[in-house]
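Since every read-out is calculated from the coordinates, none of them should be taken as a lab result. Computed from a predicted model, the values in this text were never measured in an experiment. Cβ coordinates were reconstructed from backbone atoms using ideal geometry, including for glycine residues, and neighbour counts include every protein chain displayed.
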Amino acid sequence: MIDIKQVATRFVCDERFFIAISHVLDGIPQNISERLINRQTFQIISMREEEAGLCFEFLHKIKHLILLNGRILYQPFYYITHIIAHEIAHMILKHEGPKNDPAIEKEADDQELKWGFEFEYHTYSNIKPLIENPGCKVGEFWAIQIPEVALDNLNTHLKAWDWARHHETVFKQLLKDLDVSTIIGKGYVLKAERENDEYTFDKAFVHGIMALLKCRLLDGPDWKEKYGALLRAPSAP
Ligand SMILES: [Zn+2]
């Protein structure tokens, strides 16, 4: 069992990744997680949207480095844990350097599934099309413009959205509560995209709002300045 304190003292990335890292290290075979936590040549770093540059000083020679994009913190928990598990899988499989080979990516995903991160993998697979759908940005723009008090009302859904292992059920509830069509109107400017794929657009709209709510929760009073990060959310690990 990997203690969160071990993770906190071990890795130099944004502390808001620590819960997700412990979750992943707890899910992989113990001999591997212990090796990773004890192997001083392995490190995890991250970068936030507002940071122009970072400098780290390591006490040990680093052989394996995982770099996490701080923007993924605004996505649901199991999306974040997928990215971490996927990158660790690359490392264990000795995939060196950045490659965009679908066969290599599949190998990492298969390893992740072998370790039992099915919810993580499926959360990522379900959410990726939403992030890429134009509805997501429409949701973000909508949420940034409405009064904060209205966002407070939506906060009740944030936990369910963030921690849901079955997003389909959560989205159904959110779509019911929000009634996207009455909010933005059926004749919205992105109608062309909506006609073929209306349900995905609506889900993406809701997803954009919820990601922005998570950004607001994590970043506090500066959240509006950081929402730009959401508008350029990452697509693939
Ligand atoms: Zn990959």
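Remark: Glu140 matches the filter, which requires a residue to be assigned to a helix (DSSP H, G or I), of a type in the set (D, E, K, R) and away from the ligand (no atom under 14 Å from the Cβ).
For every residue, the table says whether it meets (1) away from the ligand (no atom under 16 Å from the Cβ); (2) in a helix (DSSP H, G or I); (3) free of Cβ contacts under 8 Å to residues at least 60 places away in the same chain.
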site	(1), (2), (3)
Asp109	no, yes, yes
Gly116	yes, no, no
His122	yes, yes, yes
Lys128	no, yes, no
Gly135	yes, yes, no
Ile144	yes, yes, no
Ala150	yes, yes, yes
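Looking only at residues in region 61-74 that are within 13 Å of the ligand (Cβ to nearest atom) and within 12 Å of Gln43 (Cα to Cα), the one that is surrounded by the most Cβ atoms within 10 Å (Cβ to Cβ) is Leu68. The residue of region 75-95 that is surrounded by the most Cβ atoms within 10 Å (Cβ to Cβ), among those that are more than 12 Å from the ligand (Cβ to nearest atom) and farther than 29 Å from Met210 by Cβ, is Ile92. Among the residues here, Thr41 qualifies as loosely packed, with under 13 Cβ neighbours inside 10 Å and β-branched (Val, Ile, Thr).
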